[in-house]
Amino acid sequence: MASDNNCPILVPILGDQLTRDLASLRGRTKDDTIILMMEVWDEATYVKHHKQKIALIFSAMRHFAEELRDAGWAVDYTKLTDDENAHSFTGEVARAAERHKPRAIHVVEAGEWRVQQSIEEWPDKFDCEVEIFSDDRFISSIAEFRDWAEGRKTLRMENFYQEMRKKTGLLMEDGKPIGGKWNYDKENREPPKKDMDAPERPKPEPDDITREVIDLVRDKFGDHFGDLDNFHWPVTREEAEDAADAFFAERLPDFGTYQDAMVHGQDDLFHSMLSTSINIGLLDPMELCKRAQLAYDDSTAPLNAVEGFIRQIIGWREYVRGFYWYHMPDLESANALNAQRGLPDFYWTGETDMRCMADCIRSTKENAHAHHIQRLMVLGNFALLAGINPREVQDWYLVVYADAYDWVELPNVAAMILYADGGKLATKPYAASGNYINKMSDYCKECAYSPSKKTGEGACPFNPLYWHFMDRHRDRLESNHRIGRIYSNWDRMDEEKRQDYLDSAEAFLNTLKPAGKS
Ligand code: FAD
Ligand code: DLZ
Ligand code: SF4
């Protein structure tokens with residue numbers, strides 16, 4: 001490989017790095033840079049992603065390549081169907097290095113541990129300089145998070161979030177949080193109003209590029225989970241910005257209040273639906289937070305909504321990313337509660353009489369999306385209570401959502417919903433009975449089960465499962481001050497009632513059919 005100054009710099013851009021101001025492009029001149037974009041089989045198949053996720057990534061990559069070319073950059077783009085041998089990023093970079101004889105390779109660190117491991121081998125594999133840039137689209141770098149985390153007994157999102165507020169200056173005045181509190185979550189737990197209807201989000205129609213990609217996905221990945229007919233994700237910066245405009249204008253004001261609400265058949269409610277665009281780089285998280293703050297400054301959205309939105313991004317999103325890198329690779333195999341049950345087949349088919357589960361899985365299948373509280377308190381809560389093996393749950397979440405990447409999916413699944421990390425991320429497991437779902441949704445009123453029935457025929461399965469979970473993890477959870485007093489309630493029940501709960505739970509668990517492979 002040549003390495004004189006007449007040779008270009010090769011800049012590989014991965015499918016979740018579709019940002020014009022990427023660190024590896026910043027300051028580069030167009031006449032000595034070759035941008036490399038690669039559709040590769042390994043990425044499309046390392047799990048059997050929802051069809052919409054593959055369509056989203058390929059379409060957004062192809063649009064981004066066009067945008068770059070229009071701006072005068074040289075882009076070397078491999079389409080999946082150009083070459084059956086386009087397996088891996090490393091293999092494609094090697095072939096591109098043969099073609100272009102670069103004097104250096106400049107790449108931004110990968111979002112996922114799996115991919116970063118292979119990038120870190122590049123300096124030894126290629127005989128030119130390889131520079132790996134920190135991904136500064138995140139507000140906190142991996143090293144900054146590590147510095148913050150190192151030496152702390154417990155890691156808590158809330159403490160980290162306050163640091164992020166100070167660092168960014170968002171919703172801050174004279175070094176203090178605007179409104180006097182850091183967190184308005186208490187105001188963000190309203191159940192849905194009767195006949196609540198959120199404004200529809202813009203749904204971009206597929207253009208020629210997207211239609212071509214959809215055909216490709218149908219052809220090559222037809223056996224993957226999920227529908228394609230409903231594909232309406234933004235695939236360009238303009239479309240993503242339209243989606244953000246509509247969110248700020250129409251849905252942000254109610255975002256906070258109804259953040260935890262669930263309504264049958266209403267898949268978006270007041271959520272932003274921007275995660276797919278943020279995660280691939282079409283929208284900048286910090287810009288979105290600044291726009292949210294502007295809405296507060298202009299009095300077009302209340303503080304609980306704006307703070308809630310900003311916390312999701314500079315709090316949770318940044319926190320789980322730092323947490324992921326801090327705890328990988330151990331996080332992947334964590335199973336503190338020793339959960340061993342196979343994933344029930346209805347996670348794939350949606351065929352269950354539990355109306356809440358069926359609706360969340362329907363939305364997941366149709367849209368490659370479910371909103372946060374559905375992922376956490378319905379789908380996740382069930383997996384926790386039923387003791388589903390973390391690996392199987394992790395794989396499911398990684399497969400089914402269009403916004404799923406290991407760095408964000410894994411901490412949310414292993415640590416937040418399954419408590420598989422033994423409490424490093426959450427102070428207690430997010431376990432809840434049917435009561436919670438009944439309070440926060442309209443699911444229960446037409447369900448085959450009754451949330452007020454505790455055991456036996458017709459009882460909401462979440463009720464006995466909740467106590468079964470508490471009972472089987474008593475040794476670990478009783479000493480937890482946020483959960484311990486639950487055991488006084490359990491102990492106050494008479495023996496027969498407790499046995500009834502346990503028998504009902506066992507009877508229900510015995511009906512679960514483990515899934516075949518997706
Ligand atoms: P909104 O409700 O509008 O929230 C605004 C933004 O905040 C989101 O776009 C997202 O960027 C960020 N955000 C909110 N909550 C979280 C969180 N817990 N972690 C990280 N970012 C957050 N999000 C993903 O992007 N990819 C995933 O693979 C993913 N897997 C999840 C798995 C589980 C079990 C749970 C409980 C949550 C998961 N989330 C994941 C977080 C959250 O559910 C989605 O970000 C959100 O539903 C996306 O829809 P939205 O853009 O309308 O979000
Ligand atoms: C998710 C995905 C898929 C399905 N395909 C590709 C691809 O062919 N080429 C690519 O550059 N990126 C793809 N991606 C996104 C990557 O998986 C993502 O960039 C890495 O996981 C980041 O570590
Ligand atoms: Fe879900 Fe139970 Fe309500 Fe049915 S009754 S919708 S299973 S919480």
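Pairs meeting the criteria (first residue in segment 324-338 and in contact (Cβ under 8 Å) with a residue 60 or more places away in the chain, second residue surrounded by fewer than 19 Cβ atoms within 10 Å (Cβ to Cβ) and of a type in the set (D, E, K, R), beta carbons under 7 Å, at least 6 apart or on different chains) are TYR326/ARG146. Against the conditions (1) surrounded by fewer than 19 Cβ atoms within 10 Å (Cβ to Cβ); (2) within 25 Å of the chain's Cα centre (by Cα), ALA507 satisfies every one except (2). All of (1) in a loop (DSSP other than H, G, I, E, B); (2) surrounded by fewer than 20 Cβ atoms within 10 Å (Cβ to Cβ); (3) not small (Gly, Ala, Ser) hold for LEU22 with one exception: (2).
Just wondering, is there one or more residues in segment 30-39 that are assigned by TED's automatic domain parsing to the domain that holds VAL115 and without any contact (Cβ under 8 Å) to a residue 24 or more places away in the chain? Give the derivation first.
Looking only at segment 30-39, we keep the residues that are assigned by TED's automatic domain parsing to the domain that holds VAL115, and these are 30-39.
Pick out the ones that are also without any contact (Cβ under 8 Å) to a residue 24 or more places away in the chain and you get 31.
There is at least one residue in segment 30-39 that is assigned by TED's automatic domain parsing to the domain that holds VAL115 and without any contact (Cβ under 8 Å) to a residue 24 or more places away in the chain.
Only one entry in ASP227, ASP223, ASP284 is among the acidic types (Asp, Glu), under 20 Å from the mean Cα position of the chain (by Cα) and closer than 23 Å to TYR46 by Cβ, namely ASP227. Considering GLU92, GLU98, GLU66, the condition of being more than 30 Å from VAL320 (Cα to Cα), within 12 Å of ligand 2 (Cβ to nearest atom) and assigned to a helix (DSSP H, G or I) is satisfied by GLU92 alone. You will find that of PHE462, PHE469, the residue that is among the aromatic types (Phe, Trp, Tyr), over 23 Å from MET262 (Cα atoms) and within 26 Å of the chain's Cα centre (by Cα) is PHE469 and no other. Would you confirm whether or not segment 111-127 contains a residue that is touching a residue at least 60 places away in the same chain (Cβ under 8 Å), over 32 Å from the mean Cα position of the chain (by Cα) and in the same structural domain as LEU25 (by TED's automatic domain parsing)? Yes, the conditions are met somewhere in segment 111-127.
In the set (1) surrounded by fewer than 20 Cβ atoms within 10 Å (Cβ to Cβ); (2) away from ligand 2 (no atom under 16 Å from the Cβ), PRO390 fails one condition alone, (1).
May I ask you to list the residues in segment 328-386 that are in a helix (DSSP H, G or I), acidic (Asp, Glu) and under 20 Å from ASN230 (Cβ atoms)?
Start the filter on segment 328-386 by keeping residues that are in a helix (DSSP H, G or I), which leaves 330-333, 346-349, 355-367, 372-386.
This time we only want the ones that are acidic (Asp, Glu), so: 330, 332, 359, 366.
ASP359, GLU366, listed by residue number.
Scanning segment 373-422 for residues that are within 16 Å of ASP330 (Cα to Cα) and of a type in the set (S, T, N, Q) yields a total of 3. When the test is whether a residue is in the same structural domain as PHE231 (by TED's automatic domain parsing), modelled with pLDDT of 95 or more and at negative phi, ASN183 passes it. Residue count for segment 405-461 under the criterion of being within 15 Å of ligand 3 (Cβ to nearest atom), free of Cβ contacts under 8 Å to residues at least 24 places away in the same chain and either surrounded by 20 or more Cβ atoms within 10 Å (Cβ to Cβ) or among the hydrophobic types (A, V, I, L, M, F, W, C) (or both): the result is 2.
Looking at this structure, is LYS203 under 24 Å from the mean Cα position of the chain (by Cα), assigned by TED's automatic domain parsing to the domain that holds LEU294 and surrounded by fewer than 16 Cβ atoms within 10 Å (Cβ to Cβ)?
Details: under 24 Å from the mean Cα position of the chain (by Cα): yes; assigned by TED's automatic domain parsing to the domain that holds LEU294: yes; surrounded by fewer than 16 Cβ atoms within 10 Å (Cβ to Cβ): yes.
Against the criterion (under 24 Å from the mean Cα position of the chain (by Cα), assigned by TED's automatic domain parsing to the domain that holds LEU294 and surrounded by fewer than 16 Cβ atoms within 10 Å (Cβ to Cβ)), LYS203 qualifies.
Of everything in segment 254-307, what is closer than 18 Å to ASP195 by Cβ and of a type outside the set (Phe, Trp, Tyr)? Give them in sequence order. Matches in segment 254-307: ASP254, THR257, ALA261, MET262, VAL263, HIS264, GLY265, GLN266, ASP267, ASP268, LEU269.
Among the residues making up segment 117-131, none is within 28 Å of LEU288 (Cβ to Cβ) and surrounded by fewer than 18 Cβ atoms within 10 Å (Cβ to Cβ).
On the given criteria, is GLU144 more than 16 Å from ligand 1 (Cβ to nearest atom), part of a helix (DSSP H, G or I) and within 23 Å of the chain's Cα centre (by Cα)? Yes; evaluated as a whole, the condition is true for this residue. Residue-level analysis places ARG165 among those that are crowded, with 18+ Cβ neighbours inside 10 Å, over 20 Å from the mean Cα position of the chain (by Cα) and in contact (Cβ under 8 Å) with a residue 24 or more places away in the chain. LEU398 fulfils the conditions (1) farther than 25 Å from ASN159 by Cα; (2) more than 16 Å from ligand 2 (Cβ to nearest atom); (3) not β-branched (Val, Ile, Thr) except for a single criterion, (2).
Select from segment 46-63 the residues that are more than 16 Å from ligand 1 (Cβ to nearest atom) and touching a residue at least 60 places away in the same chain (Cβ under 8 Å) and write down the one among them that is farthest from GLU239 (Cα to Cα). Looking at residues that are more than 16 Å from ligand 1 (Cβ to nearest atom) and touching a residue at least 60 places away in the same chain (Cβ under 8 Å), I get LYS51. Look at ILE54 and say whether it is buried (at least 18 other Cβ atoms within 10 Å of the Cβ), under 24 Å from VAL400 (Cα atoms) and β-branched (Val, Ile, Thr). When the stated conditions are applied, ILE54 passes them.
The values are calculated or read from the model by the stated rules, or taken from the named source; none is laboratory data. Everything quoted here is computed from the prediction, not taken from an experiment. No Cβ is skipped: glycine too gets one built from the backbone with ideal geometry, and neighbour counts run over all protein chains shown.
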